[in-house]
Amino acid sequence: MKSVRQQHEQNQRSCERHGITLLEPYVEQEAVSASRYARKKRDAFELLLDDLQAGKFGAHVLVLWENSRGSREVKEWAILLDLLEEHEILVHVTTHGRTYDPANPRDRRLLLDDANDAEYESAKTSMRIRRDMQDNAAQGRPHGVCPYGLRPLHDRHTGRLITWERDPDKAPVIEELFTRLRQGHSFKAITKDFAQRGITNRKGRPFTHQHLRDMATRAAYAGYRVYHGELIEAIWEPIVPRELWWDVQRILKEPAHQNKAPRPGRVLHEYTGIIKCDVCSGPIGVVRNRGREEYKCQDGGCIRIEKPAVDEVVTRVILAYLSREDVYQGLNSRSDSEAIAAVRDELARLRAELAEAEHQTPTTVEEARMFARLVAELRQRVADAENRHRQLTTPSELTYLVEPGIDVAKRWHDAPVTARRKAAALLLTPELLGEVRITRSPVRNHRVPVEQRMIWHRQEDTEAA
């Protein structure tokens, strides 16, 4: 509990009283526990052991602030004492006010007894901390550093952390991040926009692509506490609706958002690669001819056609389709499906079983272990069922474009090209609007309206043929 500086100062005073001259101390760069549960290495302690083994210690007495600074693990203490005895080095413990001789059996036993007590106390502390963490997790209480967008709420009198709450200045940034990701904006575009608008992190630095990605996966924003990979209902209010949060998690799992996926080139046009050449069935790309953009077959150069005219026709068909009331109803009709009803029934049953198991009062240790295993199993089954329910009820990528009462055309043109491209890929298929193909002009060396060169291949046409 005392700082390294305080420990060293007390060592100096004790050594002066006992006629010991201190040489260069072995000092950790930061306070590091000597417990076997510690995660950080004790570099200075390892250097001490290396020097003792190599005969480079260069002193007659090893001074410790208290015996646990040697180690809180009996095995390490035994190794240290063997090295000290081998090189005839004494041990002075400041808090004891006395010097021990590891070669003296009585002194050695006292030091090992202290090491055993220290290891026992360390184990009790570790168990208590783990138990407290489990209790806090089960209650959905906050843990760790408060995420950007939230702020800690403390008790005025005790200073104890009560919960996290929405930060009115930073929470809107989180809301915008999730909303734009669902609409198809890329991390690169959001990062650039935030930097231009002067939106920075807590250190006053611009957000990086990776920082925004990490934030987009943080469950705390949806009101979840994560413990050993399990999502637990948190006590704080979410910043973003859970439906939106799960939408974004699904989007981030798509190949285009995976770190291991090949990085695509910059998307400039929503229909390239989707519209096909009717001659060779290959994709079309964009070329410039005398300052005008044209679509051209990428494989054999079979066709060329004015891009703006084709885009105007395709966009008009898409917007007319998305503006229909029956389309909106169709996109949201999945909530009544038999599969979702079955999952909902299963969820209700599992949650009831979990609540019953959690409120049982075991009378024996064996019963307590049995109920603990049952609760853990039921929690996992509930989590699996919730995941299946989310996958079945997740709104389509098109949902935000066809909400009732909105201007579909305006929302379409306001959406980034990546979002329009994704929507076009879903709609321009034989099952829906049809696969758009461009054929050669029926009259050679003579321009005809683009509509006459556009073929919409639909599934029903293929089946009829």
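Selection of segment 385-395 for residues being in a helix (DSSP H, G or I) and at pLDDT below 80 yields E386, N387, R388, H389, R390, Q391, L392, T393. Assess whether L64 counts as being modelled with pLDDT of 75 or more and over 19 Å from P102 (Cβ atoms). Considered against the rule, which asks whether it is modelled with pLDDT of 75 or more and over 19 Å from P102 (Cβ atoms), L64 comes out as no. A115 passes every criterion in (1) closer than 26 Å to R17 by Cα; (2) surrounded by fewer than 20 Cβ atoms within 10 Å (Cβ to Cβ); (3) touching a residue at least 24 places away in the same chain (Cβ under 8 Å); (4) small (G, A, S) apart from (2).
Kindly establish whether R197 is more than 28 Å from E386 (Cβ to Cβ), charged (D, E, K, R) and at pLDDT 90 or above. In short, yes. Listed by position, the helices (runs of 4 or more DSSP H) enclosed by segment 283-378 that each have at least 2 residues that are at pLDDT below 85 and either surrounded by 16 or more Cβ atoms within 10 Å (Cβ to Cβ) or in contact with an Asp or Glu (Cβ under 7 Å, 6 or more places away or on another chain) (or both) are 325-331, 338-358. Among the residues of segment 313-323, those that are under 16 Å from G434 (Cα atoms) and either free of Cβ contacts under 8 Å to residues at least 24 places away in the same chain or not β-branched (V, I, T) (or both) comprise R316, L319, A320, Y321, L322.
The values are calculated or read from the model by the stated rules, or taken from the named source; none is laboratory data. Remember, it's a predicted structure, so these values are computed and weren't measured experimentally. In this analysis, Cβ positions are derived from the backbone assuming ideal geometry, glycine residues included, and neighbour counts consider all displayed protein chains.
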